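The structure under discussion appears below in the form of structure tokens.
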Amino acid sequence: MRICADGGANRIFDEMSQMTNDLDRNRYIPEIVEGDMDSIRPEVKRFYSSQGSKISDKSHNQETTDLHKCISSIRHRTPDHEKANLCVLVTGALGGRFDHEAANINVLYVFSDMRIVLLSDDCLIQLLPKTHHHEIYIESSVEGPHCGIFPIGAPSTSTTTTGLKWNLSDAEMRFGSMISTSNIVDSDKVTVQSDADLLWTISLRNLT
């Protein structure tokens, strides 16, 4: 399933104009353009509508961000028996204005029962809920070695990891004190157990 927030639709449209192959362009036609439609340009909206994309105008709802609206749509459209294996990749969620980044990170907490990965050119971020023991398998050809793990919403009084150069052993972490940044993955599997929700971030390799 491919969904664009309305501002993201402009970006995809502009990038598509540089593609010479129709097959490549068609790969990036979203099934749905979702949001309050305050950012999408009129010609972009007309183009996607003419290509069969559903324009989901949620301008009546100004209480949630466009990413929140997109994730809600994905959850609503995913059959119950597929939700356990669902993984949502979000591009363009990092970089630019910090309040936008903070709002996108907040979406990870709002939908903590879903696996959502925020991607930038440099790194990825995902939430590790405290309800699970986490095993993270490192794709070393595309990610690492730099990583970080830390709580945001509430402090952790006990976090234990394996597979890192500087592992945590029943460690306390909170803002204003110690958090684990500039760490290094030291194995093809990292495990994390904590009494608090944590953010996991790892660098992405430049493959160009």
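The values are calculated or read from the model by the stated rules, or taken from the named source; none is laboratory data. Bear in mind the structure is a predicted one, so any value in this text is a computation, not a measurement. Every residue, glycine as well, gets a Cβ built from its backbone with ideal geometry; the counts of neighbours run over all protein chains shown. Ligands, DNA and RNA are excluded from the accessible area calculation, which covers all protein heavy atoms including side chains. Shrake-Rupley method; radii C 1.70, N 1.55, O 1.52, S 1.80 Å.
Per the conditions (1) polar (S, T, N, Q); (2) in contact with a helix residue (DSSP H, G or I) (Cβ under 9 Å, 6 or more places away or on another chain); (3) modelled with pLDDT of 95 or more, the sole criterion not satisfied by T91 is (3). Listed by position, the strands (runs of 3 or more DSSP E) inside region 127-208 whose residues that are more than 19 Å from Y109 (Cβ to Cβ) and of a type outside the set (F, W, Y) number at least 2 are 143-150, 156-162, 171-173, 180-184, 189-194, 198-204. Checking each residue of region 123-135 against the condition of being touching a Gly at 6+ places or on another chain (Cβ under 8 Å), closer than 29 Å to G8 by Cβ and in contact (Cβ under 8 Å) with a residue 40 or more places away in the chain gives no match. Candidates are the residues of region 64-77 that are polar (S, T, N, Q) and either modelled with pLDDT of 90 or more or in contact with a strand residue (DSSP E or B) (Cβ under 9 Å, 6 or more places away or on another chain) (or both); the one that is nearest to E34 (Cα to Cα) is S73. Residues in region 85-105 that are crowded, with 17+ Cβ neighbours inside 10 Å and in a strand (DSSP E or B): V88, V90.
Tell me which residues, restricted to region 175-200, are of a type in the set (S, T, N, Q) and either open to solvent by less than 10 Å² (accessible area, probe 1.4 Å) or closer than 11 Å to S156 by Cβ (or both). Once the filter is applied, which keeps residues that are of a type in the set (S, T, N, Q) and either open to solvent by less than 10 Å² (accessible area, probe 1.4 Å) or closer than 11 Å to S156 by Cβ (or both), region 175-200 yields S177, S180, N183, Q193, S194.
Evaluated against (1) of a type outside the set (D, E); (2) open to solvent by less than 30 Å² (accessible area, probe 1.4 Å); (3) modelled with pLDDT under 85, L108 falls short on exactly one condition, (3).
Can S39 be described as under 27 Å from E101 (Cα atoms), in a loop (DSSP other than H, G, I, E, B) and in contact with a Gly (Cβ under 8 Å, 6 or more places away or on another chain)? Taking the combined requirement at face value, the residue satisfies it.
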